[in-house]
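The values are calculated or read from the model by the stated rules, or taken from the named source; none is laboratory data. None of these values were measured; they are calculated from a predicted model. Glycine gets a Cβ as well: all are built from the backbone with ideal geometry, and neighbour counts include every protein chain shown.
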Amino acid sequence: MILRTLVLSLALAQEGYAPPRPVGDLLDGQRELRVQKLGKQLRCAVCQGVSIADSPASMARAQLDKVRELVVEGRSDDEIYDYFVDRYGEWALMEPRKSGVTLGLWLFPILLLVSGLIIIVSSARKGASGLPTELPAPAAVKEPEAGSAPPDDPFLAQVRADLEK
C-alpha cells in the first residue's frame, strides 16, 4: 500500500500536478487580488502560453508564492515584473513591454495602417481629378475587305476562311 502511494505520488509530480493551496497561506483580500493580477501577467516557465495564476504546475505555484512574498515586502508592480524579467528574461511577461525594440513592434502595425490609408486617399484624389469629363468616342475598327490581300498570319487567314464558309 505504501509503495502504491509512493508510485502514484511520483507519477502525479512528473505530470506537473500541484496540490491545492491551503487557505491559510493566502493574503488579505486586497493584496491577494493584486497577487492574482500580477500572476496573470507572468508566464509559467513550464506551460506554454499560460500564466502562473492559471497554471497547475508546481513551479508556477512556487512563482506565485514568490509574487506573494514580494507583495508582502511592499514591492511595486514594476519591481515584481523586473524581478521575474531578470531571472527568466522578457519571455516571462505575458505581454511584452512597450519600450526599446518591442516599441517598434507595437508601432509598426499602426504605421503600416496609417501609410496605407494615406496611399489610398492620395490615389482616390488623384484618380478623381485625373478623370476626363467626357469619354472619347471609341475608334472604329476597320474590317478587312473580302477580296483584300491575305494577312501575314496563316492561322488568322485560316480562321477567316472558315468563317466565310
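Here are some notes:
- From the options ALA11, ALA57, residue that is of a type in the set (Gly, Ala, Ser), at pLDDT 80 or above and farther than 15 Å from ARG68 by Cβ: ALA57
- Flag for PRO56 being outside any helix (DSSP H, G or I) and without any contact (Cβ under 8 Å) to a residue 12 or more places away in the chain: no
- Pairs meeting the criteria (first residue in the stretch 110-130 and among the hydroxyl-bearing types (Ser, Thr, Tyr), second residue at pLDDT 90 or above and part of a helix (DSSP H, G or I), beta carbons under 7 Å, at least 6 apart or on different chains) are lacking.
- Positions within the stretch 32-45 being at pLDDT 85 or above and either of a type outside the set (S, T, N, Q) or out of contact with any Asp or Glu (no Cβ under 8 Å at 6 or more places or on another chain) (or both), in sequence order: GLU32, LEU33, ARG34, VAL35, GLN36, LYS37, LEU38, GLY39, LYS40, LEU42, ARG43, CYS44
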